[in-house]
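Sharing a structure with you now.
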Amino acid sequence: MENLNFPSEFLWGVSTSAFQIEGATREGGRGPSIWDTFTETEGKIAQGEDAKVAADHYHRYPEDIALMSELGVGAYRMSLAWPRIQPDGTGAPNKEGLDFYDRLIDAVCDAGIAPTVTLYHWDTPQALEDTGGWLNRDTAARFAEYASIVGERFADRVKMWIPLNEPMVMSIYGYAIGEYAPGQFLMLDAIPTAHHQNLAHGLAVQALRAAGATNIGTANNHSPIWPANDTDEDDKAAIWLDALLNRLFADPVLLGSYPEQLLDHLPENYAADLETIHQPLDFYGVNYYEPQGVAAPGEGNPLPFELRPIDGFPMTTNDSPIVPHGLRELLVSFHNRYQENLPPIHITENGCSFADTVAEDGAVHDPERIDFLTGHLGALREAMDAGVDVRGYFVWSLLDNFEWSKGYAPRFGIVHVDYETQKRTPKDSFRWYQKLISND
């Protein structure tokens, strides 16, 4: 690990999300979310699986916090389930939901770990989706009310705040191509959902600060965009895709503007919201998994680009190419693009899935994940050496969990979960990360 020397104050963490690990979807007064509806829709989830139990974190969180304490992380990035706190996405909060998160956050603090709270990780209350979801501008106002509730309750203990996780995924996977909840197929007509989520981010930052919260940032998924060929046509397609996947979410937050390629697709009075969206941030969260290949659109393609696979790299079981130097490229490009407008960065997600099994010796040997982490942290160190201000790194994920439309087959955790017994088994990568943290 000689090449992985990080500053002593560097923050090491792990990440999870509520819907993927909590289970107890019908307990404690929790209302239905769009993901509950989606998992109950035939053909949407691999093997017909659901998250009613998941990793049962709702009941087993003391055991999971003990694992984090053993690991030695300084921070735990978790999400709150909006429908557990506001079952219908509006109105008075659910006492049982708030009390659960009180217990969870207190236990994290008692372990000497900093709670890093994401308010929204894609689990929109179904009642709000029924009135338009993120296509409806009013959902941003409802989100601000929710942010006020949780800010007033937890600001005294939460050390880092993230209003929304990866709004790109909600807009593109949820509303544009229908692979994720709520399962709509709007293509470029989904772009207003990005603006409304950006507005929700800005309103939530204001609400959290008004409630006394500090250290507020983001968690946006970003990818380097690689043209398939060195041609003007493919370069133009790459510029368009970069605007859609990256700049649609980074530019308004960091610059107070939108990329010109997308202006005709935004809601009519979008400009009036830019000042609200463009709130000062304490950090910028980057979730990195892979680059994205692109080429000029073929005949009959209504889009201004065509996605292409990234070839020549090993793959995870989630069909992602493993490209560590893409993280360095992404961070350096953001540093150069946004310059003084870019706050300190935290890598709020980075991880990989493999077909991990418990071996005859009772251990889970995952050398591919150790190689993945070593490569990506090496690339991160190179970006820092090139001048990028990175303050922390969160592995995705602490636990194997429900991986959205792919169900339970992809295992992202550094802790193996036997879904039949709920037994937790730290993988070899857990021990590797533990050693890295202790050495630093």
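The values are calculated or read from the model by the stated rules, or taken from the named source; none is laboratory data. Just so we're clear, the structure is a prediction, and the values are computed from it rather than from any experiment. Cβ sites come from the backbone with ideal geometry, for glycine too, and all protein chains shown count toward neighbours. Remember, those area values only see protein heavy atoms, side chains included, never the ligands or the DNA or RNA. Shrake-Rupley method; radii C 1.70, N 1.55, O 1.52, S 1.80 Å.
This table checks each residue for (1) touching a residue at least 60 places away in the same chain (Cβ under 8 Å); (2) farther than 21 Å from Trp35 by Cα; (3) part of a helix (DSSP H, G or I).
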| position | (1), (2), (3) |
| --- | --- |
| Thr131 | no, no, no |
| Trp134 | yes, no, yes |
| Thr139 | yes, no, yes |
| Arg142 | no, no, yes |
| Ser148 | yes, yes, yes |
| Gly151 | yes, yes, yes |
| Leu164 | no, no, no |
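Here's something else I'd like to know. With the requirement that a residue be open to solvent by 30 Å² or more (accessible area, probe 1.4 Å) and of a type in the set (A, V, I, L, M, F, W, C), what does the stretch 309-334 give you?
Once the filter is applied, which keeps residues that are open to solvent by 30 Å² or more (accessible area, probe 1.4 Å) and of a type in the set (A, V, I, L, M, F, W, C), the stretch 309-334 yields Phe313, Met315, Val332.
While we're on this one: In the stretch 74-105, which residues are open to solvent by 30 Å² or more (accessible area, probe 1.4 Å) and among the polar types (S, T, N, Q)?
Thr90
Say we look at the stretch 398-427 and pick out the residues that are in contact with a Ser or Thr (Cβ under 8 Å, 6 or more places away or on another chain) and acidic (Asp, Glu); which of these is least open to solvent (accessible area, probe 1.4 Å)?
Ranking the qualifying residues of the stretch 398-427, first place goes to Glu403.
Let me confirm something: among Glu27, Glu2, Glu9, Glu42, which residue is at pLDDT below 95 and assigned to a loop (DSSP other than H, G, I, E, B)?
Unique residue meeting the criteria: Glu2.
With the requirement that a residue be without any contact (Cβ under 8 Å) to a residue 24 or more places away in the chain and open to solvent by 10 Å² or more (accessible area, probe 1.4 Å), what does the stretch 166-178 give you?
Tyr173, Ile177
Continuing with the same structure: Within the stretch 58-73, identify whether any single residue is crowded, with 23+ Cβ neighbours inside 10 Å, outside any helix (DSSP H, G or I) and touching a Leu at 6+ places or on another chain (Cβ under 9 Å), and answer yes or no.
Checked against the condition, which is being crowded, with 23+ Cβ neighbours inside 10 Å, outside any helix (DSSP H, G or I) and touching a Leu at 6+ places or on another chain (Cβ under 9 Å), the stretch 58-73 yields at least one hit.
Can you confirm whether Val108 is in a loop (DSSP other than H, G, I, E, B), open to solvent by less than 10 Å² (accessible area, probe 1.4 Å) and either among the acidic types (Asp, Glu) or within 21 Å of His346 (Cα to Cα) (or both)? Before you say what the answer is, go through the steps one by one.
Numbers: in a loop (DSSP other than H, G, I, E, B): no; open to solvent by less than 10 Å² (accessible area, probe 1.4 Å): yes; either among the acidic types (Asp, Glu) or within 21 Å of His346 (Cα to Cα) (or both): yes.
So Val108 fails the test.
Can I ask one more? Test Ala181 against the stated conditions and say whether it is out of contact with any Lys or Arg (no Cβ under 7 Å at 6 or more places or on another chain), within 18 Å of Gln86 (Cβ to Cβ), of a type outside the set (Asp, Glu) and open to solvent by 20 Å² or more (accessible area, probe 1.4 Å).
On the way: out of contact with any Lys or Arg (no Cβ under 7 Å at 6 or more places or on another chain): yes; within 18 Å of Gln86 (Cβ to Cβ): yes; of a type outside the set (Asp, Glu): yes; open to solvent by 20 Å² or more (accessible area, probe 1.4 Å): no.
Answer is no for this residue.
For Gly298, state whether it is of a type outside the set (A, V, I, L, M, F, W, C), open to solvent by less than 40 Å² (accessible area, probe 1.4 Å), outside any strand (DSSP E or B) and without any contact (Cβ under 8 Å) to a residue 60 or more places away in the chain.
yes
Conditions: (1) open to solvent by less than 10 Å² (accessible area, probe 1.4 Å); (2) in contact with a helix residue (DSSP H, G or I) (Cβ under 7 Å, 6 or more places away or on another chain); (3) under 20 Å from Asp106 (Cα atoms). Ala55 meets all but one. Number of the miss?
(3)
To continue, here is another question. If you take the residues of the stretch 208-266 that are open to solvent by 10 Å² or more (accessible area, probe 1.4 Å) and of a type in the set (Ser, Thr, Tyr), which of them is farthest from His346 (Cα to Cα)?
If we take residues in the stretch 208-266 being open to solvent by 10 Å² or more (accessible area, probe 1.4 Å) and of a type in the set (Ser, Thr, Tyr), then Thr231 is farthest from His346 (Cα to Cα).
Consider Gly326 against the criteria (1) more than 22 Å from the chain's Cα centre (by Cα); (2) assigned to a helix (DSSP H, G or I): it satisfies all of them except one. Which criterion is unmet?
So the condition that Gly326 fails would be (1).
Return the residues of the stretch 49-72 that are within 17 Å of Ser17 (Cα to Cα), of a type in the set (A, V, I, L, M) and touching a residue at least 60 places away in the same chain (Cβ under 8 Å); say none if nothing qualifies.
Within the stretch 49-72, Ala51, Val53, Ala54, Ala55, Leu67, Met68 qualify.
Only residues that are among the charged types (D, E, K, R) and either assigned to a helix (DSSP H, G or I) or under 30 Å from Arg391 (Cα atoms) (or both): list them for the stretch 74-105, please.
Applying the first criterion (among the charged types (D, E, K, R)) to the stretch 74-105 yields 77, 84, 88, 95-96, 99, 102-103.
Arg77, Arg84, Lys95, Glu96, Asp99, Asp102, Arg103, listed by residue number.
Next question, about the same structure. Just to be sure before I move on: is Thr118 among the polar types (S, T, N, Q) and part of a loop (DSSP other than H, G, I, E, B) in the structure I sent?
Numbers: among the polar types (S, T, N, Q): yes; part of a loop (DSSP other than H, G, I, E, B): no.
Considered against the rule, which asks whether it is among the polar types (S, T, N, Q) and part of a loop (DSSP other than H, G, I, E, B), Thr118 comes out as no.
Which residues, counting only those in the stretch 381-437, are in a loop (DSSP other than H, G, I, E, B), within 30 Å of Ser333 (Cα to Cα) and hydroxyl-bearing (Ser, Thr, Tyr)?
Correct list: Ser397 only.
Further, regarding this structure: Please give the number of the condition Val417 fails out of (1) under 16 Å from His325 (Cα atoms); (2) in contact with a Leu (Cβ under 7 Å, 6 or more places away or on another chain); (3) of a type in the set (A, V, I, L, M, F, W, C).
So the condition that Val417 fails would be (1).
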